[in-house]
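Peer 1: Once you've had a glance at the structure underneath, I'll fire off some questions.
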Amino acid sequence: MSGSYDDSVGVEVSSDSFWEVGNYKRTVKRIDDGHRLCNDLMNCIHERARIEKVYAQQLTEWAKRWKQLVEKGPQYGTVERAWCAFMSEAEKVSELHLEVKGSLMNEDFEKIKNWQKEAFHKQMMGGFKETKEAEDGFRKAQKPWAKKLKEVEAAKKAYHAACKEEKLAISRETNSKADPALNPEQLKKLQDKVERSKQDVLKTKEKYEKSLKELDNATPQYMENMEQVFEQCQQFEEKRLRFFREVLLEVQKHLDLSNLASYKNIYRELEQNIKTADAVEDLRWFRANQGPGMSMNWPQFEEWSADLNRTLSRREKKKASDGVTLTGINQTGDQVSQPNKHSSSLSVQSNTVQSVQSSYNPFEDEEDTGSTVSEKEDNKIKNVSSYEKNQSYPADWSDEESNNPFSSTDANGDTNPFDEDASPAMEVRVRALYDYEGQEQDELSFKAGDELTKMENEDEQGWCKGRLDNGQVGLYPANYVEPIQ
């Protein structure tokens, strides 16, 4: 019987107590739950690490994009540096969050994984060794007591059945006395039945009380054995709970950047950079570099000399490398009679000089047309930011500028004899190798790594014509860039 014993057969569970037969299974199930909780905690940490990585990447992308926009935008001076400090902060914080991601995966995740592997040992037939040991321990501790409990239940059932039979026999005997049709022999049988039922009640009651006493005597040992196995399970669970607490504290330390000195320094430095922004200093810089404080080569009287060794400007070198000779300039009478409204007020009496002045002079200002950048160039401006999209450049590229090298006709429709071939060259994308700050208004300024479009090939003086991504067109040194492969 013991070999085929099943502690769940024939026993009615009357409560949810741990001491009831089979209720130890909840404690055993906790071991399997502990293994699953390790997986859940690893998944939780893995998802947080992925969030940290994505956030770090987004910070880096945001910082890179806005740093370019601010540097290429109209903001300048100390306020520009304060603005760019936010991008530097994002890059540094991005690095810290990547470190958090690395700590979560390389330390916390791996620690849980290794502990789980050491604490839970899988069996060949499935399940865990720890679960089977707990199951066997509880079954062994509960088996003797459960067997006696079954005997008690059987004795109780027999006793209750005997009591029921006694009550039925007594009821039949009482009814037979009132029935005159029954003979004395039948009445005698009913009385004997009552007597036997009373004896059965006494026997079953005695057996019931005996089995219950034996169960009570076995209960202390049963409780002791069950407590012993339960404490083993408690100790195993205590290790897991303490380990989880330890891991969660380490995760908290990795996530809490406020305790890192480097994190605090990032915002201390950001605050200092913002406080260094000085409106007065920026206005002074703008006045000196873009306003009335700029130096000016004011026109002065120059005496003509055949032997004058005049140094040509860069633009003049670009237009004519071996000097300028005005020959074959024929003007109609109407053109001679119409003075140029931008011509010099200096009066020269020589007819030859007057003829030259009345014609198109490439070294004087062109006719005022009030135009800004041509529509063709405006259409090529890329949408870099909101303020660059709608910005025009009348001050830099107006036809009124005497330095505009890109206008090929004057007000009278005559062509400029010093312009280069007007045929368009194939545009090529190039990348700056070095920083370059334009020295004149028709020169481009860029930083190393910036990309621009080469519109004309290199001239004899080593200059190219190009266009920045914001639409600005100008000249730049050819050896400062390289083609983009």
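Peer 1: Filter the range 456-485 down to the residues that are within 19 Å of Lys67 (Cα to Cα) and acidic (Asp, Glu) and list them by number.
Peer 2: Result: Asp469, single match.
Peer 1: Checking the structure you have, find out if any residue of the range 291-306 is part of a helix (DSSP H, G or I), of a type in the set (Gly, Ala, Ser) and open to solvent by less than 70 Å² (accessible area, probe 1.4 Å).
Peer 2: Residues of the range 291-306 part of a helix (DSSP H, G or I): none.
Within the range 291-306 (the criterion being part of a helix (DSSP H, G or I), of a type in the set (Gly, Ala, Ser) and open to solvent by less than 70 Å² (accessible area, probe 1.4 Å)), the answer is no, since none of the residues qualifies.
Peer 1: Can I ask one more? Would you check if there is a residue in the range 430-452 being β-branched (Val, Ile, Thr) and in contact with an Asp or Glu (Cβ under 6 Å, 6 or more places away or on another chain)?
Peer 2: Taking the range 430-452 and keeping what is β-branched (Val, Ile, Thr), we get 430.
Filter once more, keeping what is in contact with an Asp or Glu (Cβ under 6 Å, 6 or more places away or on another chain): none.
For the range 430-452, residues β-branched (Val, Ile, Thr) and in contact with an Asp or Glu (Cβ under 6 Å, 6 or more places away or on another chain): absent.
Peer 1: For the range 446-468, give me each residue that is polar (S, T, N, Q) and more than 16 Å from Val428 (Cα to Cα).
Peer 2: From the range 446-468, those polar (S, T, N, Q) are 453, 457, 461; that's our starting set.
Across the range 446-468, the qualifying residue is only Gln461.
Peer 1: Looking only at the range 61-99, how many residues end up being open to solvent by 60 Å² or more (accessible area, probe 1.4 Å) and either among the β-branched types (Val, Ile, Thr) or assigned by the TED database to the domain that holds Gly449 (or both)?
Peer 2: 0
Peer 1: Still on this model: In the range 120-132, how many are part of a helix (DSSP H, G or I) and open to solvent by 80 Å² or more (accessible area, probe 1.4 Å)?
Peer 2: Filtering the range 120-132 for residues part of a helix (DSSP H, G or I) gives 129-132.
Then keep just the ones that are open to solvent by 80 Å² or more (accessible area, probe 1.4 Å); that gives 129, 132.
Of the residues in that region, 2 qualify.
Peer 1: For the range 448-455, check the following and say yes or no: at least one residue is among the basic types (Lys, Arg) and closer than 23 Å to Arg65 by Cα.
Peer 2: First, the residues of the range 448-455 that are among the basic types (Lys, Arg): 454.
Filter once more, keeping what is closer than 23 Å to Arg65 by Cα: none.
Checking the range 448-455: not a single residue is among the basic types (Lys, Arg) and closer than 23 Å to Arg65 by Cα.
Peer 1: Quickly run through the range 242-265 and pick out the residues that are more than 28 Å from Ala56 (Cα to Cα) and out of contact with any helix residue (DSSP H, G or I) (no Cβ under 9 Å at 6 or more places or on another chain).
Peer 2: Step one: of the range 242-265, the residues more than 28 Å from Ala56 (Cα to Cα) are 242-243.
Hit for the range 242-265 is Arg242, nothing else.
Peer 1: Please enumerate the residues belonging to the range 233-274 that are closer than 17 Å to Lys101 by Cβ and in a helix (DSSP H, G or I). Spell out how you get there, then give the answer.
Peer 2: In the first step, residues of the range 233-274 are kept if they are closer than 17 Å to Lys101 by Cβ; the result is 247, 250-257, 260, 262-263.
Selection gives Val247, Glu250, Val251, Gln252, Lys253, His254, Leu255, Leu257, Ser262, Tyr263.
Peer 1: Here is a further query. Could you give me the residue pairs with C-beta distances under 8 Å whose first residue belongs to the range 446-463 and is of a type in the set (Gly, Ala, Ser), whose second residue is open to solvent by 50 Å² or more (accessible area, probe 1.4 Å) wherever it lies, and which are 6+ apart or on separate chains?
Peer 2: These pairs meet every condition: Ala448/Leu433; Ala448/Tyr434; Ala448/Asp435; Gly449/Arg431; Gly462/Asn479.
Peer 1: Ok, one more. Looking at Glu52, Glu47, Glu71, Glu61 in this structure, which one is in a helix (DSSP H, G or I), among the acidic types (Asp, Glu) and at pLDDT below 95? Explain how you work it out, then say what you get.
Peer 2: Details: Glu52 fails: at pLDDT below 95; Glu47 fails: at pLDDT below 95; Glu61 fails: at pLDDT below 95.
Every option except Glu71 fails the conditions.
Peer 1: So, one more: Would you say Lys117 is under 52 Å from the mean Cα position of the chain (by Cα), surrounded by fewer than 17 Cβ atoms within 10 Å (Cβ to Cβ) and either modelled with pLDDT of 85 or more or closer than 30 Å to Lys29 by Cβ (or both)? Even if it seems obvious, please write down each step before you answer.
Peer 2: Numbers: under 52 Å from the mean Cα position of the chain (by Cα): yes; surrounded by fewer than 17 Cβ atoms within 10 Å (Cβ to Cβ): yes; either modelled with pLDDT of 85 or more or closer than 30 Å to Lys29 by Cβ (or both): yes.
So Lys117 fits the description; yes.
Peer 1: Which condition from (1) closer than 30 Å to Glu151 by Cα; (2) at pLDDT 95 or above; (3) among the aromatic types (Phe, Trp, Tyr) is the one that Phe18 breaks?
Peer 2: (2)
Peer 1: Might you check whether a residue that is of a type in the set (Phe, Trp, Tyr) and closer than 18 Å to Ala155 by Cβ occurs anywhere in the range 231-241?
Peer 2: Checked against the condition, which is being of a type in the set (Phe, Trp, Tyr) and closer than 18 Å to Ala155 by Cβ, the range 231-241 yields no hits at all.
Peer 1: Let me confirm something: among Lys188, Lys156, Lys198, which residue is basic (Lys, Arg), in contact with a helix residue (DSSP H, G or I) (Cβ under 8 Å, 6 or more places away or on another chain) and at pLDDT below 90? Let's see the steps before the verdict.
Peer 2: Numbers: Lys188 fails: in contact with a helix residue (DSSP H, G or I) (Cβ under 8 Å, 6 or more places away or on another chain); Lys156 fails: at pLDDT below 90.
Going through Lys188, Lys156, Lys198 in turn, just one is basic (Lys, Arg), in contact with a helix residue (DSSP H, G or I) (Cβ under 8 Å, 6 or more places away or on another chain) and at pLDDT below 90: Lys198.
Peer 1: Would you mind stating whether Glu195 is outside the structural domain of Val28 (by the TED database), part of a helix (DSSP H, G or I) and without any contact (Cβ under 8 Å) to a residue 12 or more places away in the chain? Full working, then the answer.
Peer 2: Numbers: outside the structural domain of Val28 (by the TED database): no; part of a helix (DSSP H, G or I): yes; without any contact (Cβ under 8 Å) to a residue 12 or more places away in the chain: yes.
For Glu195, the condition - outside the structural domain of Val28 (by the TED database), part of a helix (DSSP H, G or I) and without any contact (Cβ under 8 Å) to a residue 12 or more places away in the chain - is not met.
Peer 1: Looking at the range 148-174, which of its residues are over 30 Å from Tyr222 (Cα atoms) and either open to solvent by less than 100 Å² (accessible area, probe 1.4 Å) or not in a helix (DSSP H, G or I) (or both)?
Peer 2: Let us first name the residues in the range 148-174 that are over 30 Å from Tyr222 (Cα atoms), namely 162-174.
Within the range 148-174, Ala162, Cys163, Glu165, Glu166, Leu168, Ala169, Ile170, Ser171, Glu173, Thr174 qualify.
Peer 1: Looking for whichever is open to solvent by 60 Å² or more (accessible area, probe 1.4 Å), at pLDDT 90 or above and not hydroxyl-bearing (Ser, Thr, Tyr) here; the options are Leu270, Leu212, Leu257. Which one fits? Outline the logic, then answer.
Peer 2: Working: Leu270 fails: open to solvent by 60 Å² or more (accessible area, probe 1.4 Å); Leu257 fails: open to solvent by 60 Å² or more (accessible area, probe 1.4 Å).
Going through Leu270, Leu212, Leu257 in turn, the sole match is Leu212.
The values are calculated or read from the model by the stated rules, or taken from the named source; none is laboratory data. For clarity, every value in this text was computed on a predicted model and none was experimentally measured. Cβ atoms come from the backbone with ideal geometry, glycine included; neighbour counts cover every protein chain shown. All accessible areas refer to the heavy atoms of the entire protein, side chains included, with ligands and DNA or RNA removed. Shrake-Rupley method; radii C 1.70, N 1.55, O 1.52, S 1.80 Å.
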